[in-house]
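Inspection log for the structure reproduced underneath, given as C-alpha cells.
The values are calculated or read from the model by the stated rules, or taken from the named source; none is laboratory data. As the structure is a computational prediction, the values presented were derived from the model and not from experiment. Positions of Cβ are backbone-derived with ideal geometry, glycine not excepted, and every protein chain shown enters the neighbour counts.
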Amino acid sequence: MIRSLTFLSLFLFLTFGAACSAGQDAHRSEPGSGVAMTRSAFAHGYRHGYEEGYHHGNIDANMGRPPQAKLEKLRGLSMGYDSSFGPKKSFEAGFRAGLQAGYGDGFAGRSFRGVMSCRELGKALDAGPVTSDPSGNYFDQGVASGYSDGFESTVANPNTARQPLGSIPCAKFRPARQGDAVAETSYCEGYRRGYGLGRNDALELGGNRAALEAAK
C-alpha cells in the first residue's frame with residue numbers, strides 16, 4: 001500500500017513544484033481553496049509545507065528509514081516563499097505545521113489530504129474584495145492562532161474534537177482599538193477555520209511524537 005502511494009506522491013509533488021517554479025504560484029487560483037491562501041500567508045505556507053512533508057515522508061517510509069524527528073533538517077527542503085504571499089513569519093509557521101502533517105501522512109501511507117484540507121479552510125469564503133479586512137491581516141492571525149489552539153487542545157484531550165466549530169470561543173483576539181467588531185469578525189472567521197485544521201491534523205497524527213516534534 002505504501003509503495004503504491006509513492007508514485008502518486010511524486011506525481012503531485014512534481015506537478016505542484018512545476019507550477020510554483022513557473023514564477024506564478026498556482027495555489028492562490030485554485031477553486032475552493034485559493035481564496036483562503038490569498039488571504040492567509042499561514043494557510044498558503046501550510047499548503048507548501050504539506051506537499052514537501054508528504055513527499056519526504058513517503059520516500060523515508062519506502063526507503064525503510066525511521067521517521068525523522070527534526071523535519072526542518074530534511075535534505076532538499078524547499079519552502080518556496082515569495083514576498084507577494086504575505087508576512088514571511090506567518091508563512092513559515094504555516095509551512096512548519098503543514099510539513100509535520102504531510103510528513104506524518106506520507107510516512108504512514110495515508111492519502112494526500114492537503115488539497116481537501118485547504119478547501120475546508122476556504123469553504124464559504126467570499127472570493128471578492130474584503131473591505132472589512134483588505135490586507136487579510138486579522139484573518140491570517142486568526143488562522144494561525146486557531147491552528148495552534150486546535151492542535152494542542154486535541155493532543156491534550158481528543159474528546160474536544162466533538163465540540164462543534166461554531167461553538168469554539170475566539171478568546172485571544174486583541175483588536176488595535178477596543179470594540180473593533182469588524183476586525184474581530186475577520187479574525188474569528190480565520191480562527192475557527194484554523195482550529196478545525198489543527199484539530200484534524202492532531203487526530204490524524206495521533207500519538208506520533210516524532211512527527212509532533214516539528215511543531216515545537
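For region 103-120, enumerate the residues that are crowded, with 23+ Cβ neighbours inside 10 Å and among the charged types (D, E, K, R).
If the condition is that a residue be crowded, with 23+ Cβ neighbours inside 10 Å and among the charged types (D, E, K, R), then 105 is the only one that fits.
Given the conditions (1) without any contact (Cβ under 8 Å) to a residue 60 or more places away in the chain; (2) more than 14 Å from residue 49 (Cβ to Cβ); (3) surrounded by fewer than 22 Cβ atoms within 10 Å (Cβ to Cβ), report the number of the one that residue 67 does not fulfil.
Single failed check for residue 67: (1).
Going residue by residue through region 201-213, is there one that turns out to be under 22 Å from residue 44 (Cβ atoms), of a type in the set (Gly, Ala, Ser), in a helix (DSSP H, G or I) and modelled with pLDDT of 80 or more? Break it down into steps so the answer makes sense when it comes.
So in region 201-213, the residues under 22 Å from residue 44 (Cβ atoms) come out as 201-202, 204-205, 211.
Narrowing the set further to residues that are of a type in the set (Gly, Ala, Ser) leaves 202, 211.
Keeping just the survivors that are in a helix (DSSP H, G or I) gives 202, 211.
Pick out the ones that are also modelled with pLDDT of 80 or more and you get 202.
For region 201-213, residues under 22 Å from residue 44 (Cβ atoms), of a type in the set (Gly, Ala, Ser), in a helix (DSSP H, G or I) and modelled with pLDDT of 80 or more: present.
Which numbered condition in (1) loosely packed, with under 14 Cβ neighbours inside 10 Å; (2) at pLDDT 80 or above is the only one that residue 137 fails?
Looking at each condition in turn, residue 137 falls short on (1).
For region 70-174, which fully contained helices (runs of 4 or more DSSP H) count at least 1 residues that are free of Cβ contacts under 8 Å to residues at least 12 places away in the same chain and charged (D, E, K, R)?
On the way: elements: 88-108, 114-122, 137-156.
By residue number, 88-108.
Take residue 53 and decide whether it is small (Gly, Ala, Ser), at pLDDT 90 or above and in a helix (DSSP H, G or I). It would help to see each step written out before you state the result.
Numbers: small (Gly, Ala, Ser): yes; at pLDDT 90 or above: yes; in a helix (DSSP H, G or I): yes.
Against the criterion (small (Gly, Ala, Ser), at pLDDT 90 or above and in a helix (DSSP H, G or I)), residue 53 qualifies.
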